[in-house]
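Here is the structure we will look at.
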Amino acid sequence: MVAVTLAALAGCSGGGQDTTGAVGGSSAPSGVPTSASSAPTGSVPSGSPGGGDPTGAPGAQPPQRSAEPLPQAAPLDGAKVDAATLPETYDKQVRIGQDGRVLVVNGLAGGCKNASAEVAAQSVDQVLVTLVTTYYPPQGGGVCTDDLRPVPLTVNLDAPLGERRLVLESREEVG
């Protein structure tokens with residue numbers, strides 16, 4: 001019975017998180033060059049045409065994936081994190097891996113919303129990470145709950161964060 005329950009839970013968890021960060025240049029502050037070496041964190045499972053469910057039904061919400069535990073990760077000093085533009089609903093704590101290249105940030109998901117994170121820009125002075133909340137309208141006139149919860153998301157940097165400042169911003173979109 002326990003094995004069946006664990007197998008069912010494993011199937012719901014979304015499994016192996018895609019640990020790459022995405023790049024987008026449109027939201028970078030002026031003077032911050034963008035980098036084009038990463039892809040979005042996995043909120044859409046591979047093999048899902050058009051970002052829908054695995055069967056390809058348009059508008060279906062993909063399963064939410066959260067970060068795998070990051071061994072030996074430590075909290076990032078709050079003085080290095082600029083989260084001034086994030087709404088109060090976001091958990092602004094960030095964890096950093098031993099090598100300084102992997103960050104775990106917290107997006108918001110729940111109801112009909114999924115979370116992802118993108119590395120929008122990297123420069124010698126700062127790294128800009130965008131927390132994206134994607135709304136998937138319910139199919140067939142369904143209803144969404146209003147519950148939102150923090151979801152840990154992994155982003156990979158081109159180089160260790162080092163002394164650079166981490167800037168967190170948010171964006172909402174419709175899937």
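Can you give me the solvent accessible area of Asp147 with a 1.4 Å probe, rounded to the nearest 10 Å²?
Number for this one is 80 Å².
On the first, second and third principal axes, largest extent first, how far apart are the outermost C-alpha atoms of segment 65-143 in Å?
Sorted largest first, the three principal extents are 47, 28, 21 Å.
For segment 75-175, which trypsin sites (Lys or Arg not before Pro) are in a loop by DSSP, counting at most 13 other Cβ atoms within 10 Å?
none
The values are calculated or read from the model by the stated rules, or taken from the named source; none is laboratory data. Just so we're clear, the structure is a prediction, and the values are computed from it rather than from any experiment. Reconstructed Cβ throughout: ideal geometry from the backbone, glycine too, with neighbour counts over all protein chains shown. Accessible surface areas use protein heavy atoms only, side chains included; no ligands, DNA or RNA. Shrake-Rupley method; radii C 1.70, N 1.55, O 1.52, S 1.80 Å.
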